[in-house]
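> Below is the structure I would like to discuss, written out as structure tokens.
The values are calculated or read from the model by the stated rules, or taken from the named source; none is laboratory data. This is a predicted model, so every value here is computed, not measured. Heads up, the Cβs are rebuilt from the backbone with ideal geometry, glycines too, and the neighbour counts pull from every protein chain shown. The protein model used for the area step is the full one, side chains on, heavy atoms only, and it has no ligands, DNA or RNA in it. Shrake-Rupley method; radii C 1.70, N 1.55, O 1.52, S 1.80 Å.
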Amino acid sequence: YKKNKKIKFLGYKENVNKYINSSDCIVLPSYREGLPRVILESLILERPVIATNVAGCKQIIRNNYNGFLCKVKNSISLKNTILKYINLSISERRKMGMNGRKLVQEKFNEKKVINTYFKIMKND
């Protein structure tokens, strides 16, 4: 991949926000995840996400709403999903990005998460 001029391999980066901001879409073809931080970061920065339909990813990516899910370990599904994204209009891509930010703000707001933890701890 490093020899392919169309693919830019960046290696490990501490702060990925500038790379996410310069991207049109984030692709995470993972085999298994928890809740991927890169997806949360991408969605809050209004970038649609293409990810595999695995635990963690499928809890935050809603097909045709804030991104797309493809089949795990299936390069044809990944290719077709990327093509589906490429064929969206600019306004459809922007809408997906806005939907992603909205979802993260509603479901993964830090205060809501902390309050949920406190409620769980009180019940123990």
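> For segment 1-29, which residues satisfy the criterion of being touching a residue at least 40 places away in the same chain (Cβ under 8 Å) and surrounded by fewer than 17 Cβ atoms within 10 Å (Cβ to Cβ)?
The answer is 24, and nothing else.
> Restricting the first residue to segment 71-84 and requiring it to be within 16 Å of residue 61 (Cβ to Cβ), which pairs with a second residue that is among the aromatic types (Phe, Trp, Tyr) and surrounded by 14 or more Cβ atoms within 10 Å (Cβ to Cβ) meet a Cβ separation below 9 Å and a spacing of at least six or different chains?
81/68; 82/68; 84/68
> Still on this model: Tell me, which residue of segment 30-68 that is on the phi > 0 side of the Ramachandran plot and either acidic (Asp, Glu) or in a loop (DSSP other than H, G, I, E, B) (or both) is least open to solvent (accessible area, probe 1.4 Å)?
Pass one, segment 30-68, residues on the phi > 0 side of the Ramachandran plot: 46, 56, 64, 67.
Those still in the list that are either acidic (Asp, Glu) or in a loop (DSSP other than H, G, I, E, B) (or both) too: 46, 56, 64.
On the way: 46: 79, 56: 9, 64: 99 Å².
Across segment 30-68, the extreme among qualifying residues is 56.
> Still on this structure, please answer the following. Answer with yes or no whether residue 101 is touching a residue at least 60 places away in the same chain (Cβ under 8 Å), closer than 19 Å to residue 26 by Cβ and in contact with an Asp or Glu (Cβ under 8 Å, 6 or more places away or on another chain).
So residue 101 fails the test.
> Can you name every residue in segment 85-98 that is open to solvent by less than 90 Å² (accessible area, probe 1.4 Å) and touching a residue at least 40 places away in the same chain (Cβ under 8 Å)?
Scanning segment 85-98 gives 85, 93, 96, 97.
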